[in-house]
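Asker: Sharing a structure, written as structure tokens. Questions coming.
What follows draws every value from the coordinates through simple rules; no lab data is involved. Keep in mind that this is a model prediction, so the values were computed, not measured. All Cβ positions, glycine included, derive from the backbone under ideal geometry; neighbour counts span all protein chains shown.
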Amino acid sequence: MNPACTTPRRLAALVIAFGIAAPALAQSANADTAQLERRLEQSVRMIEALTTRIEQLEKQLAVTTTKPAAVAAAPAPAASAPRDVTARLDEVEKTVGQLTSSSSRDLRDSGLPLHGFADVGLHASHNPPPGRRDGFAIGSLDFYLTPELGPNVRTLVELNFGVSGNGETEADLERAQIGYVFSDQLTLWLGRFHSPFGYWNMAFHHGAQIQPSVGRPRMLDFEDDGGIMPVHTTGVWGTGSVRMSGGRIVYHLYAGNGTRIANGALDPNPGGDDNGNKVVGFGLGYRFGGALDGLSAGINGLRQTVVAYDAADQALSRTRLVMLGAYAAYDNDGWEAMGEAYRFRNADMSGGSGTHGSSAGYVHVGHTVGERWVPYYRFEKASLDQADNYFLAQANGRSYTRHVLGLRYNADPRAAVKLELNRTRDEGVARALDELRLQYAVSF
Amino acid sequence: MRKLLTLLRSLAVAALIGAALPAWSGDVYVIANLPLELTPEEVKEVFLGEVQFAGALKLQPVDNAGAQPDFVAKVLKMSSTKYSASWTKKAFRDGLNAPPLKATDAEVLGFVKANPGAIGYVSSPPAGVHVVGKF
């Protein structure tokens, strides 16, 4: 299309052909070496002539591209730019321009940006709790859309489909957030979003393929899976980052509907608050650059009053939840290492039991071996005060330790197979639970 | 002896030109519609979605399929696979979309010329746009 591009290709083809042909000629026993030398010199001269011609064409193209008005107003002299060459160059430029502007072809994306994750797998356990089913199972199908409705308006909608233990399909509107980007330093989101605390909850969530292991740390399980932390919030969230000399500071400030506890599980109240007690939280992190690229660390905290209800929807207790956390993560050079720690100072607002301290945390380490294999190990531990109404009212609000050993195989940049063994010791349960989990996860 | 010299000479010419071709095609020119002054680290942040604005101007990075391997290796200092994976994570976490992917230098030039906030990269010296840097 562009003479400046095609001519070098012809030249390259000529040179390669010449490179192949010349040795063949020389190898012939009857070849006339003098004639060969003449041909070689002719070829070199031809290359030189073509090179000169390319330079001339490139100069002409540059002139017509940078000063089209001047060219139109005052045609170049015939000696330096023949009329037919100028016309051909104009035609080529016009064609290229038309192709580019008319197609604006995007090889990566066409139409509404729709992405997603899906996973399937196998689950087997030893000493399972009552009601636990083993065998093959569908994991989840997670769609998310990221339409940009203008230079400053962003939208993120995530819809997750899963299958319950009794085989029923469940759909959750995981995220529905609409934001306005004022600058790199401030984006304001409104809607339902992943609570911006810690590392795992922000980085992986329902993205099974990008998640380093089969399952999440138990303390960070989703609310409807028995998680003990409010990992979703419906409200307003301001976030942004500021560049520093050695990296970037990232901040989060948010407020939203408070969480309640019903039927032994957290409910983030996405459809409206059960009372006037709002959650407020913050996060402050630092992403290192340069030699420490891939390293990040931060702190976070939240505060809210949580009411626990019984089956008849009668309030059982009120607890002021205060959670502080810290994290560090390194994702570079084949390493995938992260750790989070949380400290709770929860005050009993409905009884006289006072303030209770609890803690939870995990450390996860994985390393890529031979490009595709990633063995990993994770240790989790939660020490939760059972006199604290916040944990007492939750079915999974017990102390535990868990060891996770796994192997991930990246079959493709968008597909991973993970095999994982874990052992969980639950406080108050006599025997440890051993599990084997296999997961095949993709992103699209 | 003369035949051997001829053979060596032929091979030398072919090898020299063959060696020159990859170097000729490996340069990457980062270009922008406006005269932006960006360090390599800032160019990296733009293409990884960390920076979206230059003042009030919304930046529009655009990828070039033909020059992408050289660009991600020389400027972003990562593999194409990791670059793609980083955008999978970025889109999921922050709701951002990866830069549009154009097929050729000409398409990237057309895009950059047509959009004030556009920033892209090409494999040959461009005309009519601002060169942020050569790598």
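Asker: Can you tell me the length gained on complete extension of the stretch A:Glu168 to A:Leu186, counting 0.36 nm per residue apart and subtracting the Cα distance?
Answerer: Here the segment from A:Glu168 to A:Leu186 would lengthen by 2.4 nm.
Asker: Same structure again: Identify the residues of the range A:305-344 with backbone N under 13 Å of a label point that sits 7 angstrom from the Cα of A:Ser359 along the Cα-to-Cβ direction, or state none.
Answerer: Answer for the range A:305-344: A:324-326, A:340-344.
Asker: A further question on this structure: Taking a 31 Å limit on the Cα-Cα distance, which of the listed pairs A:Lys278/A:Lys418; A:Lys381/B:Lys44; A:Lys381/B:Lys77; A:Lys418/B:Lys58; A:Lys278/B:Lys44; B:Lys90/B:Lys134 fall beyond it?
Answerer: A:Lys278/A:Lys418; A:Lys381/B:Lys44; A:Lys381/B:Lys77; A:Lys418/B:Lys58; A:Lys278/B:Lys44
Asker: For a test of the definition: using alpha carbon positions, the gyration tensor, and the 1.5 limit on a/c, classify the range A:342-444 as rounded, prolate or oblate.
Answerer: prolate
Asker: Let me ask you something else. For B:Leu36, A:Leu419, which order do you get if you count the other beta carbons within 10 Å of each Cβ and list the fewest first?
Answerer: If I rank by nearby Cβ atoms, fewest first, I get A:Leu419, B:Leu36.
Asker: Could I ask something else about it? Let me have the relative contact order for the range A:114-443, percent, based on Cα pairs under 8 Å that are six or more residues apart.
Answerer: In percent, rounded to a whole number, it is 14.
Asker: Turning to a different aspect of this structure: Antiparallel DSSP bridges in the range B:19-129: what percent, to the nearest 5?
Answerer: Among the beta bridges of the range B:19-129, antiparallel pairing accounts for roughly 60 percent.
Asker: Could you work out, residue by residue across B:106-114, how many beta carbons of other chains sit within 10 Å of that residue's beta carbon, and then give the average as an integer?
Answerer: Partner Cβ neighbours, averaged per residue: 5.
Asker: Can you sort A:Tyr376, A:Tyr409 from fewest to most other Cβ atoms within 10 Å of each residue's own Cβ?
Answerer: Result, fewest neighbours first: A:Tyr409, A:Tyr376.
Asker: With each label point set 7 Å from Cα along the Cα-Cβ vector, what nm distance links B:Phe135 and B:Thr81?
Answerer: 2.0 nm
Asker: Test of understanding: ordering A:Thr187, A:Thr169 by Cβ neighbours within 10 Å, fewest first, what list do you get?
Answerer: A:Thr169, A:Thr187
Asker: Work out the FRET efficiency for A:Thr401 and B:Ala114 from their Cβ-Cβ distance, taking R0 = 56 Å, and round it to the nearest 0.05.
Answerer: The computed FRET efficiency comes out at 0.40.
Asker: Describe numerically, in nm with one decimal, the distance between label points set 7 Å from Cα along Cα→Cβ at A:Leu292 and at A:Asp310.
Answerer: Label at A:Leu292, label at A:Asp310, 5.3 nm between them.
Asker: Along Cα→Cβ, 7 Å out, is where each label goes; now give me the distance between the ones at A:Leu112 and A:Ala415 in nm to one decimal.
Answerer: So the two model labels end up 2.7 nm from each other.
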